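**Q** After the structure tokens below, expect a handful of questions from me.
The values are calculated or read from the model by the stated rules, or taken from the named source; none is laboratory data. Note that the coordinates shown come from a computational prediction; the quantities given were computed from them, not determined experimentally. Note that we place each Cβ from the backbone using ideal geometry, even for glycine, and neighbour counts take in every protein chain shown. Surface areas here come from the heavy atoms of the whole protein model, side chains and all, with no ligands, DNA or RNA. Shrake-Rupley method; radii C 1.70, N 1.55, O 1.52, S 1.80 Å.
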Amino acid sequence: MLDFLLRIRSIKRLNVTFELSLMLKNDDLKAIGAAWPNLEYLSLPDNSSSIIAPLTFDGLYPLIQNCKNLEKLTIRINCEHRDMLCFSRSGSLGNLMRLTHLNFCTSPLHPYEDELI
């Protein structure tokens with residue numbers, strides 16, 4: 001289904017809800033960013049909690065870089081992979097900050113051992 005949607009280049013807002021788990025990969029977010037540079041709103045909620053999402057913060061990088069107008073993002077990612085250094089090293093953390101709504105659904109997020117009190 002994603003391949004079909006990527007052919008529609010004028011998409012600015014997309015909200016797709018699935019009954020089953022949506023197993024997007026980092027390369028899928030790269031393709032979304034390349035296909036829809038005018039994207040303002042992307043909602044691909046996945047409320048499953050039993051399957052670890054294959055998406056990571058590294059996958060968000062090309063989406064954030066290519067979609068300069070992106071303000072609202074709902075997507076499930078694997079927050080256990082703390083690879084946000086890709087944003088700070090590349091100077092694109094500012095691009096991430098333009099988001100006004102960010103929802104990681106049921107993404108697992110656990111503190112590092114050195115962050116525990």
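**Q** Taking 7 Å along the Cα-to-C-beta vector as the label spot, tell me the Asn38-Ser10 distance in nanometres, rounded to one decimal.
**A** 0.7 nm
**Q** Counting Lys and Arg as +1 and Asp and Glu as -1, what is the net charge of the other residues whose Cβ lies under 13 Å from the Cβ of Leu6?
**A** Net of charged neighbours comes to 0.
**Q** Let me ask something additional. With all protein chains present and a 1.4 Å probe, how do Phe57, Phe18, Phe4, Phe104 order by accessible area, largest first?
**A** Heavy-atom accessible area, descending, gives Phe4, Phe18, Phe104, Phe57.
**Q** Any lysines with Cα under 18 Å of the Lys72 Cα? List them, leaving off those in the same chain fewer than 8 positions away.
**A** Output for Lys72: Lys12, Lys30.
**Q** Please compute the modelled spin-label separation between Thr106 and Leu2, points set 7 Å along Cα→Cβ, answer in nm with one decimal.
**A** A separation of 2.0 nm, rounded to one decimal place.
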